[in-house]
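The values are calculated or read from the model by the stated rules, or taken from the named source; none is laboratory data. Since the model is a prediction, treat every value here as computed from it, not as a measurement. Cβ: placed from backbone, ideal geometry, glycine included. Neighbour counts: every protein chain shown. Calculation scope for accessible area: heavy atoms of the full protein, side chains included, ligands and nucleic acids excluded. Shrake-Rupley method; radii C 1.70, N 1.55, O 1.52, S 1.80 Å.
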Amino acid sequence: MYKKIVTCSLVLTFFSGCFQADQVGKQTKRSYQLAQVAFDATTYPVVVLGGGIAGFTAANYLVQANVPTVVLEGPKPGGALAQSPSVRNWPGVLDAPGADIMKSLREQAVHYGATIFSESVTSVRLDVWPFELDVHDVVAGTTRVIKALSTIVATGAEPNYLGIPGEQEFWGKGVTNCAVCDGGLCKGKDVVVVGGGDSAVLEAAYLAGIARSVTLVVRKDYFRANDKKKRDQVLALPNVTVLYNTRVTQVHGDGKHMTHLSLENDTAKTKRAFDGLFLAIGARPNTALVANALELDAHGYIVLKSGQATSVAGVFAAGDVCDPVYKQAVTSAGGGCAAALQVQAFLDDLGFNAQMLTQPKAVPSVPVSAAPSAPRAVPVQAVDAGPAVALLNDNQAITQFIQQQSKPIIIDLSAEWCMPCKRLAPIFETLAGKYRDGISCAKVDINKVDVQALTDAVGGEVVDGVPTLLFIKDGKEVGRLVGLLPADELEKNFKILAGS
Ligand code: NDP
């Protein structure tokens, strides 16, 4: 199928040699002239920004259609789904950790030929074409420019949190931000939804059909929700009540699950029994990179023009970065698929075919062979054998390790599917050896242990990304470093902990 399209494209290129950008999605009127593109080793037909469900679904469709595709995984590989301990609405899967779903999706993309770069994008120039992306290697401290004929922005969104005591402790134990994902556990129970926007109204509507009672807690004396009709329908439901001018100030529980919430308004403080707390207090889409280049809505989400097309021709978006409404893994995957098909149509109209990439591609800073399905650059066995880093595979071993050490401890939380973790591993191992007299180091695969139990045990907050280094002293977490950092910055922190 793709080959057939390619043949037509070649003919088109021959006669026209250029593509008017306004043919796709009626966005900017720009002329992209393929004939003028110098296909050097850093030019790619498509670069996907973001290694979550949308990004990897898009990559899968593209590579299977024979479109060479680069994925820049970003600082939180696996995206939001990888943080979910239990996913029960992924088609055909009864219940699986989000990290497992992401791992197989990533493996699939790599298997069919996707190239994964571990560098981070620091800036993009979408007003030139091919688009230019500055990518930074934090370990080497180098920055280079890669070019893309088209790009898919799939950088996700960060949900807002209340930041109150107990919120993180009982996250996943009654506290959540996804009614569709976790509402099923609230059958016949009493739950709270916090927020006064459209999401809160929708979450309450969904939960009202499952829970015994839904209490909407709104911090002002009105709802911000735009859909007034839906709001009124929900408020008229017999098991829905609203507390206006009210704030949730603490989550209480019995260690295993939340049991009560502290509520406050201008005149009273109360503590009431509830079984679930659903946050619907908005999210911050990760659009800082493209804020000056693409049209965004008032909340910072990328505005879609036609399907997954954005305001700039050749730039598409998928997943939570452009979806304030559904925010589901499945809808993100659907968006990624649609974006990939639109990229193919865009490249096809442009007259691109894969044979134009005659130059050998630049070798990624971390070879693709570091992907989970292939031999790893830093095998876990090497760490296991290294006396400076203990490999801990269950919570009991972690507890014992923490109790037995007289020195401060650094635990490297990583995952097999995480490319930045693989880059961090040798640096961590080297520093562990260098500072072994002052620090005890261990490595933990987050897919093999209960991370929440680990952080609870050391009094730390929820872990929301890997790699994460937990700094522990006297059995308590005293700090953490998240993401891939330059070696000298890591060493600075080792020194501080060793000397403390
Ligand atoms: P919004 O930003 O619209 O609303 C967030 C709500 O949470 C507000 O009521 C806000 O209160 C409240 N809030 C924020 N922080 C806190 C806090 N710390 N404590 C208590 N309350 C807090 O987010 P939504 O996700 O609801 O919507 C985002 C966008 O998506 C909107 O444009 C919305 O219209 C759209 N949307 C559309 C849907 C549709 O079906 N068409 C469905 C869902 C969303 P305050 O008002 O006081 O700031």
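What three numbers, in Å, describe the spread of the alpha carbons of the chain along their principal axes, ordered from the longest?
That works out to 74, 66, 38 Å along the principal axes.
Could you tell me which GluC sites (Glu not before Pro) in the range 385-483 are loop residues by DSSP with no more than 14 other beta carbons within 10 angstrom of their beta carbon?
Passing both the DSSP loop test and the Cβ count: GLU461.
Residue by residue, what Karplus-based ³J(HN,Hα) values in Hz, rounded to whole numbers, does the range 97-107 have, using 6.51, -1.76 and 1.60 with θ = phi - 60° and x for Gly and Pro?
Coupling constants for the range 97-107: x, x, 4, 5, 5, 5, 4, 6, 5, 5, 4 Hz.
Out of residues 5 or more away from GLU158 or on other chains, whose amide H comes under 5 Å of its own, with H placed 1.01 Å from N in the peptide plane?
Close amide H contacts, sequence-distant or interchain: ARG284, ASN286.
Which value at 222 nm does the chain reach when only helices count, each DSSP H run of 4 or more adding -39,500 (n - 2.57), with the total divided by all residues and rounded to the nearest 500 deg cm²/dmol?
-8500 deg cm²/dmol
Counting only Cα atoms, I'd like the Rg/Rh figure for the range 389-499, Kirkwood definition for Rh.
Numbers: Rg = 12.5 Å, Rh = 13.6 Å.
When Rh is taken as the Kirkwood radius, the ratio is 0.91.
Could you tell me which of rounded, prolate or oblate describes the range 175-279, using a ≥ b ≥ c as the square roots of the eigenvalues of the alpha-carbon gyration tensor, with rounded for a/c under 1.5 and, failing that, prolate when a/b is larger than b/c and oblate otherwise?
It comes out oblate by the Cα gyration axes.
What per residue convex hull volume, in Å³, comes out for the range 39-86 when only alpha-carbon positions are used?
Normalising the Cα hull of the range 39-86 by residue number yields 68 Å³.
Ignoring any ligand, DNA or RNA, what whole percent of the accessible area of the range 175-279 comes from carbon and sulfur when the probe is 1.4 angstrom? Show your work: numbers first, answer last.
Details: 2650 of 5360 Å².
The nonpolar share, carbon plus sulfur, comes to 49 percent.
Given bins 10 angstrom wide, list per bin the percent of all Cα-Cα distances in the range 253-307, short to long.
18, 27, 17, 22, 16
Relative to a virtual label point 7 Å from the Cα of MET356 in the Cα→beta-carbon direction, which members of the range 29-62 show backbone nitrogen distances below 11 Å?
32-40, 44-46
Taking the mean number of other Cβ atoms within 10 Å as a proxy for protection, how do you rank 133-139, 188-194 from highest to lowest?
Packing order, densest peptide first, comes out as 188-194, 133-139.
Skipping prolines and chain starts, which residues have an amide H placed within reach, meaning under 5 Å, of the one on VAL71, given they are 5 or more residues away or on another chain?
For VAL71, whose amide H was placed from the backbone, the distant partners under 5 Å are VAL48, THR115, ILE116, PHE117.
May I ask you to evaluate 6.51 cos²θ - 1.76 cosθ + 1.60, the Karplus curve with θ = phi - 60°, for each residue of the range 277-289 and list the ³J(HN,Hα) values in order in whole Hz, giving x for glycine and proline?
Those phi angles translate into 10, 10, 8, 9, 10, x, 9, 10, x, 7, 10, 4, 4 Hz.
Rounded to the nearest 5, what % of DSSP beta bridges with both residues in the chain are antiparallel?
50 percent
How big, in percent, is the set of alpha carbon pairs in the range 158-220 lying more than 16 Å apart?
Cα-Cα pairs in the range 158-220 separated by more than 16 Å: 43 percent.
Run the dipole for the chain about the Cα centre, Lys and Arg Cβ at +1, Asp and Glu Cβ at -1, nothing else charged, and hand back the magnitude in debye, nearest 20.
500 debye
How long is the gain from THR430 to GLU295 if the chain were fully straight, where each residue apart is worth 0.36 nm and the alpha carbon distance is subtracted?
Answer, rounded to one decimal: 44.1 nm.
Determine the per residue accessible area of the chain with all protein chains present and a 1.4 angstrom probe, expressed in square angstrom.
44 Å²
What are the residues whose amide H is under 5 Å from the amide H of VAL193, where those residues sit 5 or more places off or on another chain and H is modelled from the backbone?
Amide H neighbours of VAL193, under 5 Å, 5+ apart: THR215, LEU216, VAL217, PHE278.
Give the carbon-plus-sulfur fraction of the accessible surface of the range 389-499 in %, rounded to a whole number; probe 1.4 Å, heavy atoms of protein chains only.
About 47 percent, which is the carbon plus sulfur part of the accessible surface.
Please give every one of the aspartates and glutamates within straight-line cross-link reach of LYS229, meaning a C-alpha to C-alpha distance under 13 Å, and leave out same-chain neighbours fewer than 8 residues apart.
Counting by Cα, and skipping residues close in sequence, LYS229 has these aspartates and glutamates nearby: ASP198.
Can you give me the Cα centroid spacing of the range 279-317 and the range 159-196 in angstrom?
That distance is 27 Å.
Could you go through the range 481-489 in sequence order and give the Karplus-derived ³J(HN,Hα) for each residue, using 6.51 cos²θ - 1.76 cosθ + 1.60 with θ = phi - 60°, rounded to whole Hz, and x for Gly and Pro?
Karplus-based 3J(HN,Hα) across the range 481-489 equals 10, 10, x, 8, 10, x, 4, 5, 6 Hz.
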